[in-house]
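The values are calculated or read from the model by the stated rules, or taken from the named source; none is laboratory data. As the structure is a computational prediction, the values presented were derived from the model and not from experiment. Counting neighbours? That spans all protein chains shown, and the Cβs are built from the backbone with ideal geometry, glycine included. All accessible areas refer to the heavy atoms of the entire protein, side chains included, with ligands and DNA or RNA removed. Shrake-Rupley method; radii C 1.70, N 1.55, O 1.52, S 1.80 Å.
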Amino acid sequence: MKQSLTPSQKLIEVKNLTVKFYGKIVAVDDVSFDIYKNQNIGLIGSNGAGKTTVIETIIGINKPTSGQIVYNIKKEEVGVQFQDSLFPQHISVKQLIDFILRSYNIKVSEEELEEMMKVFKVDTFKQKQASSLSGGQAQRLNVMLCFIHKPKFVFLDELSTGLDITTRDSFKRFIKQYCEKNDITICLISHDCNELMYLVDKLYVMHKGKIIDSILTKDFQTTAELEEYIAKKIL
């Protein structure tokens, strides 16, 4: 059972965050929310709503124009999975994984690594060049690398992009079980309401750079109800 949430369990605090590009294009407009341990959150909204920009700013890719981000965990305790992948040339998937493990001094047993590779079906292409992976293969590798150092908190951006239905279902089950077992909190960006209902506790609705509402997934009985709510809010 999840613990009751208290202010002392805040992992990250986003305070009045505004991000402008080229000095005038407002991508994120005065956004505030807190991320608590053991409360999985989702950012939802149409394309261009500012969801990915929020995540990129939290992890340091973008600089805030104004506002503040307070970290109550170490940045190396954060895992990130992006939609896009750009892997090095002339290196196999297994060599890339081993390089990351060595570079960051990540302690993972061979048994754990083999289990993760099988769950994400990375074992089927581990000898293939990383730069030549298909979209679905790259996505599976990306998600696995996000979890490989056992972070306390992970950002997942369009988790199921490029995956078939069977792989999507196994992904969802594994990620939920793995995160609960290892006490990992999730922030998920997704357009898949089944995914949101399964993995997320609280949703923040974004529109034109602003958070316009927040809701609990437990308040919806079915995926159809959530889809209807989202359509009314952002379409």
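Listed here are the residues, each with its yes/no results for (1) in contact with a Ser or Thr (Cβ under 9 Å, 6 or more places away or on another chain); (2) modelled with pLDDT of 85 or more.
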residue	(1), (2)
G79	no, yes
L96	no, yes
S170	no, no
C179	yes, yes
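Number of residues in the stretch 157-191 that are closer than 16 Å to Q139 by Cα, open to solvent by 30 Å² or more (accessible area, probe 1.4 Å), charged (D, E, K, R) and in contact (Cβ under 8 Å) with a residue 12 or more places away in the chain equals 3. In the stretch 117-150, the residue that is nearest to I186 (Cα to Cα) out of those that are part of a loop (DSSP other than H, G, I, E, B) and among the charged types (D, E, K, R) is K150. No other residue among T57, T18 is among the polar types (S, T, N, Q) and within 16 Å of the chain's Cα centre (by Cα) apart from T57. For the stretch 1-45, the set of residues classified as among the small types (G, A, S) and at pLDDT 95 or above consists of A27, S32, G42, listed by residue number.
For the stretch 98-124, taking the residues that are within 17 Å of Q139 (Cβ to Cβ) and not aliphatic (A, V, I, L, M), the one that is surrounded by the fewest Cβ atoms within 10 Å (Cβ to Cβ) is identified as K118.
Here the stretch 55-97 is the region considered, the condition is being charged (D, E, K, R) and surrounded by 13 or more Cβ atoms within 10 Å (Cβ to Cβ), and the residue that is farthest from Y178 (Cα to Cα) is E56.
When residues in the stretch 125-141 are screened for being at pLDDT below 90 and open to solvent by 50 Å² or more (accessible area, probe 1.4 Å), 2 of them pass.
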